[in-house]
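Contents: one structure, followed by commentary.
Nothing in this text is a laboratory measurement; each read-out follows from the coordinates by a stated rule. None of the values given here were measured: they were computed from a predicted structure. We place every Cβ from the backbone using ideal geometry, glycine too, and count neighbours over all the protein chains shown.
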Ligand SMILES: C[S@@+](CC[C@H](N)C(=O)[O-])C[C@H]1O[C@@H](n2cnc3c(N)ncnc32)[C@H](O)[C@@H]1O
């Protein structure tokens, strides 16, 4: 693993002269108009002043901007994003420099040695909620221990696909020398694989935070000798063949050609063809290729295509051993009870073997 990995974190802003100050006595309307003219606002006095200004901004835009069609909603969100990011907080001695602000450990971890800078209010809110998850840990039903997702790293919020994988692992009777977990994220699949007796897992990810976060979490424990981390695209620099490859890829196709898509959620058109081509070289002759997927993109009408079916239809590298499916119970939502029932979401576990 490269020693030079650089953690991703919100960029600190140098404190400038030209800031509008906002406290509980400041005129809200005037502040909002200053923001619309492009001025940045520094929250002073209490953290809750920032919450208040955000709420008032939302109200202000709701009255003034249409928000019905998809295009309008997109424009509304873009404007809210633009303006809310003009609301700033000062960070002094690794703490948010207003009263009654949450204590956010990431400010210590990510900004060691950096003092007196500004972050946007939404970034501070994201750092705070990420800190709560990391600090308290997230209980995942199929795992013995809690997961501690590092700042900016994907972690599961629903667990049906993990249950499918766990049931499959229980019945797996092949060799358990080594496995590859492509896109390791917060490590859940690797932890499951280790829990089921595999001796070694090679985990990759394109996000430095995933790799560095897990490295820090595992430290010098027994786990760190079982899970080897590899920063990079797909199989990164892994040279070994393994008897199990697992990939829980992004489930939605990227619609735009934007460069900054969230690679944990959206896939570009090259991801799956490249993945299957490389997997073919890394899977041992009798190995199993397990891909976790869902019909989310299809029921949202984003695509009719399923990239795994597309690969199988080529009939050149892999054949289907089985596909396990589990329907996800929709949340009880009174407001939608009487509306036409839309297709149910299902998670899928695809097991492919070499032709
Ligand atoms: C849906 S998340 C799954 C994370 C974890 N395996 C799990 O099941 O909770 C997808 C992960 O794959 C990573 N990823 C996306 N594209 C990748 C690629 N081309 N190569 C390696 N990792 C990738 C993302 O950064 C993210 O951590």
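Against the longest principal axis of the chain, how steep is helix 121-136, in degrees 0 to 90 to the nearest 10, with axes from Cα atoms?
Helix 121-136 sits at roughly 50 degrees to that axis.
Remind me, relative contact order of the stretch 160-354 in percent, using alpha carbon pairs under 8 angstrom and six or more residues apart?
Answer for the stretch 160-354 is 21 percent.
Pulled fully out, how much extra length does the chain show between residue 39 and residue 173, if you take 0.36 nm times their separation in residues and subtract their Cα-Cα distance?
That pair, residue 39 and residue 173, stretches by 41.9 nm at full extension.
As I understand it, the value is the acute angle between the Cα axis of helix 160-171 and the longest principal axis of the Cα atoms of the chain; what does it come to in degrees, rounded to 10?
Approximately 20 degrees, to the nearest ten.
Hey, rough spin-label estimate for residue 157 and residue 354, points 7 angstrom out along Cα→Cβ, what's it come to in nanometres?
4.0 nm
Given an 8 Å cut-off on Cα distances and at least 6 residues of separation, report the relative contact order of the chain as a percent. Could you put the intermediate results ahead of the total?
Working: 575 pairs, mean separation 42.2, N = 355.
Dividing the mean separation by the residue count of the chain yields 12 percent.
Just grab the label-to-label distance for residue 73 and residue 145, each label 7 Å out from Cα along the Cβ direction, in nm (one decimal).
My value for the distance between the label points is 4.0 nm.
What length, rounded to one decimal in nm, is gained on full extension from residue 261 through to residue 222, with 0.36 nm per residue of separation minus their alpha-carbon distance?
Between residue 261 and residue 222, full extension yields 10.5 nm more.
With springs only between Cα atoms under 10 Å, which of 200, 100, 71 fluctuates most in a Gaussian network model of the chain?
Among 200, 100, 71, the largest mean-square fluctuation in the Gaussian network model of the chain belongs to 71.
Pick from 16, 213, 105 the residue whose mean-square fluctuation is largest in a GNM of the chain, springs joining Cα atoms under 10 Å.
Maximum among the listed residues: 16.
In degrees, nearest 10, range 0 to 90: what is the angle between the Cα axis of helix 70-84 and the longest Cα principal axis of the chain?
60 degrees
To check my understanding: the extent here is largest minus smallest coordinate of the Cα atoms along each principal axis. What are those three numbers for the chain, in Å, largest first?
Result for the chain: principal-axis Cα extents of 70, 53, 35 Å.
Between 103, 322, 170, where does the largest GNM mean-square fluctuation fall for the chain, given springs only between Cα atoms within less than 10 Å?
170
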